[in-house]
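Following: one structure in structure tokens, then a few remarks.
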Amino acid sequence: MAVTRFHAEIATAIGTGALGIAAVIGATELGLGWSESGPQPGYFPFYVGLILIAASLWNLASAFVKHRQATLDASNGAEAEEPFLDREKVQRLGGFLGAMLAFVVATLWLGIYIGAAGYIAYSAWRKGGYKLPLSLAIGLGFSVSLYVIFEVIFKIPLLKGPIENMLGIY
Amino acid sequence: MGNFDLLMHGFGIAITPMHLMLMVAGVLMGLIVGVLPGLGAPNGVSLLIPLTFALDPTSAIILLSSMYWGALFGGSTTSILFNIPGEPSSVATTFDGYPMAQKGESTRALTLAFMSAGIGALLGIIVITLLAGWASNFALKFGAPEYFAVYFLAFAAFIGMGSASPAKTLVSLATGLILSTVGMDTVTGEVRLTFGYDELLSGISFLVVVIGLFGIGELLSTVQEGLRFRGVSSRIDLRDVLRTIRELPRYWATTIRSGLIGIWMGITPGGPTAASFMSYGIARQASRKGQPFGTGRPEGIVAPETADHSAGTCAMLPMLALGVPSSATAAVMMGGLMIWGLTPGPMLFATKPDFVWGLIASMYISNIVGVILVLATVPMFAALLRIPFAIIGPMIVAICFVGAYTVSNSTFDLWLVLVFGLVGYMFNRLDYPLAPLVLAMVLGHKAENAFHQSMVLSDGSLGIFFSNTLVSSIMVLGLALLILPKMLQLGGRLRRKMPVE
């Protein structure tokens with residue numbers, strides 16, 4: 001699976017345009033006219049939303065223009081359009097993002113300490129090629145230093161889960 | 001009291017054991033952040049802000065600004081030793097820094113970079129010292145329309161002077177402005193654009209957005225390249241250092257020119273990255289003899305480094321005096337100021353002279369501390385890059401998420417970091433600039449309030465933005481910055497095309 005830059009440009013332009021549309025819709029519900037105390041709360045987001053939609057359309061159009069030019073150049077024997085993501089990059093990014101997503105879910109469920117220790121240990125073990133006990137030690141060491149820096153030195157509590165409760169750490 | 005007396009007073013505040021310790025700590029943390037890919041100055045400062053709530057504002061800003069200088073130094077270290085810019089603003093340093101290091105002259109390259117960075121920073125701070133009193137007097141004349149005009153000028157300068165496509169800069173700006181309106185509106189008390197999500201009631205914190213955009217986003221870019229660090233030797237020989245320092249006066253012309261470019265780009269919202277590229281380009285054009293640029297020429301290191309640091313320090317002036325930051329990091333710091341309960345702007349100079357002059361004095365000291373520390377610790381920090389990415393990468397990810405959580409103890413922010421990480425990656429790859437988004441998020445409320453007040457004053461007429469000389473000249477300057485640079489480019493392109501057709 002390869003994604004070209006053209007696809008990525010279009011997807012991004014549509015995404016930013018959609019944000020603009022959301023802002024315009026949200027602003028319309030708030031009222032975008034004029035009241036006794038000045039502009040209504042929807043005034044500013046409404047016009048910024050319109051600007052965002054216009055700029056996104058501009059980007060969309062220029063992506064099409066560039067794509068057509070690149071296709072013409074390619075048929076004339078010039079270099080084809082650069083790929084945005086090739087298979088190798090997709091795999092690398094996918095693996096990294098997947099692990100990160102698992103880390104976030106684990107953090108919400110078990111707290112940040114267990115989540116981070118597990119995430120770092122997994123990554124060191126599977127991707128770094130370290131032995132499992134060493135990987136676990138690296139992960140645990142990281143979590144312990146987090147605990148010391150945040151909870152002991154700066155007195156900032158981080159997200160904890162059921163396991164800390166069982167161990168009696170608050 | 002003249003500026004000089006105020007500065008001396010500032011030194012009295014800055015030189016205390018506590019503050020000197022904070023400077024050393026800040027510079028060291030900045031070096032770590034600058035060296036590691038995925039952690040840069042903007043999100044390094046964002047991560048640190050929740051930890052500064054316990055400090056008084058003067059100590060806090062000294063810590064944060066020292067971290068900024070450290071990050072600028074650290075970025076140059078990896079540019080030279082590994083050909084990996086640790087910061088976007090040190091990309092231009094790789095062009096000649098890495099080739100020189102490859103020739104076995106890494107000590108010379110590093111010393112050149114750090115010394116000229118230090119000189120650039122000092123030039124910038126001297127300008128701040130001289131202009132600070134004047135800038136704040138000038139800004140005292142400002143009312144709501146003038147403030148809106150200045151914000152407009154800052155936004156316009158990004159669109160007109162930035163290297164990215166204007167439509168992309170505009171998308172980035174508008175996205176930031178819209179994100180800043182989410183949540184409770186401070187003027188009308190209405191809840192805006194939350195679409196029924198209670199988590200959005202208190203708004204989207206710009207700190208969380210910066211951590212996602214710059215931290216996770218940059219890390220994803222690093223991952224897709226499958227980064228391998230190939231470093232050159234990072235041993236520092238003291239004799240080489242001294243020999244290089246003696247060599248420095250030879251590049252006086254390059255230094256002064258680059259310093260001026262940096263100061264200009266730092267005060268106007270060009271930012272350090274643009275300054276370093278511009279300075280490198282001009283140094284290349286100005287040189288006549290000697291080996292070509294890109295093969296390890298000393299001027300090719302001196303020029304971008306001097307400009308980078310003088311721009312970095314000068315970015316503090318408009319932030320303090322006008323409340324308009326001209327770089328992403330300065331924007332984050334200004335957000336910090338507002339969180340600590342200070343209002344950046346001319347009144348800050350009148351009501352909190354200790355804060356302002358303590359900061360300015362600390363900039364002199366911490367940059368000198370920075371040069372010495374960075375030379376002493378290069379081998380140690382270079383070793384950080386030899387830790388395999390499979391370990392350091394997830395650690396950076398975990399630190400980013402922890403930092404985002406500490407902003408307001410909300411688990412919803414963790415999802416926001418993930419989303420903005422993806423946005424940052426896409427924007428990075430497609431050449432959407434990120435700094436305008438951060439700037440717009442920090443300034444959004446203030447710009448909207450200034451607009452609101454002006455509209456109330458004028459009863460809804462846009463004519464108020466051209467009602468007196470001061471506000472109209474700022475607006476005209478803004479419009480000129482918005483339109484002229486691209487028009488000139490277009491004109492130049494047309495003229496070149498004519499003969500061909």
Subject >> All positions within region B:404-419 that are within 17 Å of A:Ala116 (Cα to Cα), more than 10 Å from chain A (Cβ to nearest Cβ) and within 23 Å of the chain's Cα centre (by Cα) >> reply: B:Ala404
**OP:** May I ask you to list pairs of residues, at least six apart or on different chains, whose Cβ atoms are under 7 Å apart, with the first in region A:26-40 being at the interface with another protein chain (Cβ under 7 Å from one of its Cβ atoms) and the second being of a type in the set (Phe, Trp, Tyr) and in a loop (DSSP other than H, G, I, E, B)?
**Re:** A:Gly26/B:Phe195
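Residue-wise test of (1) closer than 30 Å to A:Leu158 by Cα; (2) buried (at least 21 other Cβ atoms within 10 Å of the Cβ).
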{"site": "B:Asp413", "(1), (2)": "yes, yes"}
{"site": "B:Gly421", "(1), (2)": "yes, yes"}
{"site": "B:Tyr425", "(1), (2)": "yes, yes"}
{"site": "B:Tyr432", "(1), (2)": "no, yes"}
{"site": "B:Ala435", "(1), (2)": "yes, yes"}
{"site": "B:Val438", "(1), (2)": "yes, yes"}
{"site": "B:His445", "(1), (2)": "yes, no"}
{"site": "B:Leu462", "(1), (2)": "no, no"}
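Hey, among A:Ser123, A:Ser135, A:Ser75, which residue is of a type in the set (S, T, N, Q) and within 22 Å of the chain's Cα centre (by Cα)? Break it down stepwise before answering.
Details: A:Ser135 fails: within 22 Å of the chain's Cα centre (by Cα); A:Ser75 fails: within 22 Å of the chain's Cα centre (by Cα).
Only one candidate passes the filter, namely A:Ser123.
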Original post:
Looking at (1) in contact with a helix residue (DSSP H, G or I) (Cβ under 7 Å, 6 or more places away or on another chain); (2) at pLDDT below 95; (3) aliphatic (A, V, I, L, M), which is the only condition A:Leu52 fails?
Top reply: (2)
**OP:** Give the number of residues within region A:103-116 that are more than 9 Å from chain B (Cβ to nearest Cβ) and over 16 Å from B:Asp413 (Cα atoms).
**Re:** 3
Subject >> Odd one out for A:Leu72 among (1) surrounded by fewer than 16 Cβ atoms within 10 Å (Cβ to Cβ); (2) at the interface with another protein chain (Cβ under 10 Å from one of its Cβ atoms) >> reply: (2)
**OP:** State whether one or more residues within region B:356-375 are closer than 26 Å to B:Ile282 by Cα, surrounded by fewer than 23 Cβ atoms within 10 Å (Cβ to Cβ), in contact with a helix residue (DSSP H, G or I) (Cβ under 6 Å, 6 or more places away or on another chain) and modelled with pLDDT of 90 or more.
**Re:** yes
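Restricting attention to region B:424-443, which residues are among the hydrophobic types (A, V, I, L, M, F, W, C), assigned to a helix (DSSP H, G or I) and closer than 20 Å to B:Val45 by Cα? Full working, then the answer.
First, pick out the residues of region B:424-443 that are among the hydrophobic types (A, V, I, L, M, F, W, C): B:426-427, B:430, B:434-435, B:437-443.
Applying the additional criterion that residues be assigned to a helix (DSSP H, G or I) yields B:426-427, B:435, B:437-443.
B:Ala435, B:Leu437, B:Val438, B:Leu439, B:Ala440, B:Met441, B:Val442, B:Leu443 - these are the residues of region B:424-443 that are among the hydrophobic types (A, V, I, L, M, F, W, C), assigned to a helix (DSSP H, G or I) and closer than 20 Å to B:Val45 by Cα.
Condition first: outside any helix (DSSP H, G or I) and under 20 Å from B:Asn43 (Cβ atoms). Can you find one or more residues in region B:301-322 that meet it?
Yes, region B:301-322 contains at least one residue that is outside any helix (DSSP H, G or I) and under 20 Å from B:Asn43 (Cβ atoms).
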Original post:
Which pairs do you get when a residue that is within 18 Å of A:Ala137 (Cα to Cα), found in region B:386-409, comes within reach of a residue that is not in a helix (DSSP H, G or I) and not hydrophobic (A, V, I, L, M, F, W, C), reach meaning Cβ atoms under 6 angstrom, with the pair 6+ apart or on two chains?
Top reply: B:Pro388/A:Gly128; B:Ala390/A:Lys127; B:Ala390/A:Gly128; B:Ile391/A:Gly128; B:Ile396/B:Gly38
Original post:
When both residues are 6+ apart or on different chains and their Cβ atoms are under 7 Å apart, which pairs have a first residue that lies in region B:237-265 and is at negative phi and modelled with pLDDT of 85 or more, and a second that is assigned to a helix (DSSP H, G or I) and aromatic (Phe, Trp, Tyr)?
Top reply: none
**OP:** Report, by residue number, each residue of region B:166-192 that is of a type in the set (A, V, I, L, M, F, W, C), more than 7 Å from chain A (Cβ to nearest Cβ) and in contact (Cβ under 8 Å) with a residue 12 or more places away in the chain.
**Re:** B:Leu173, B:Leu179, B:Val182, B:Met184, B:Val187
Original post:
Of A:Tyr119, A:Tyr147, A:Tyr130, which residue is surrounded by fewer than 19 Cβ atoms within 10 Å (Cβ to Cβ), at negative phi and not assigned by TED's automatic domain parsing to the domain that holds A:Lys66?
Top reply: A:Tyr147
Subject >> Residues located in region A:150-170, provided they are surrounded by fewer than 16 Cβ atoms within 10 Å (Cβ to Cβ) and within 11 Å of chain B (Cβ to nearest Cβ) >> reply: A:Ile153, A:Phe154, A:Lys155, A:Pro157
**OP:** State whether one or more residues within region B:441-449 are within 11 Å of chain A (Cβ to nearest Cβ), of a type outside the set (Asp, Glu) and without any contact (Cβ under 8 Å) to a residue 40 or more places away in the chain.
**Re:** no
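The values are calculated or read from the model by the stated rules, or taken from the named source; none is laboratory data. Quick caveat, the model's predicted, so the values are computed rather than measured. Cβ atoms come from the backbone with ideal geometry, glycine included; neighbour counts cover every protein chain shown.
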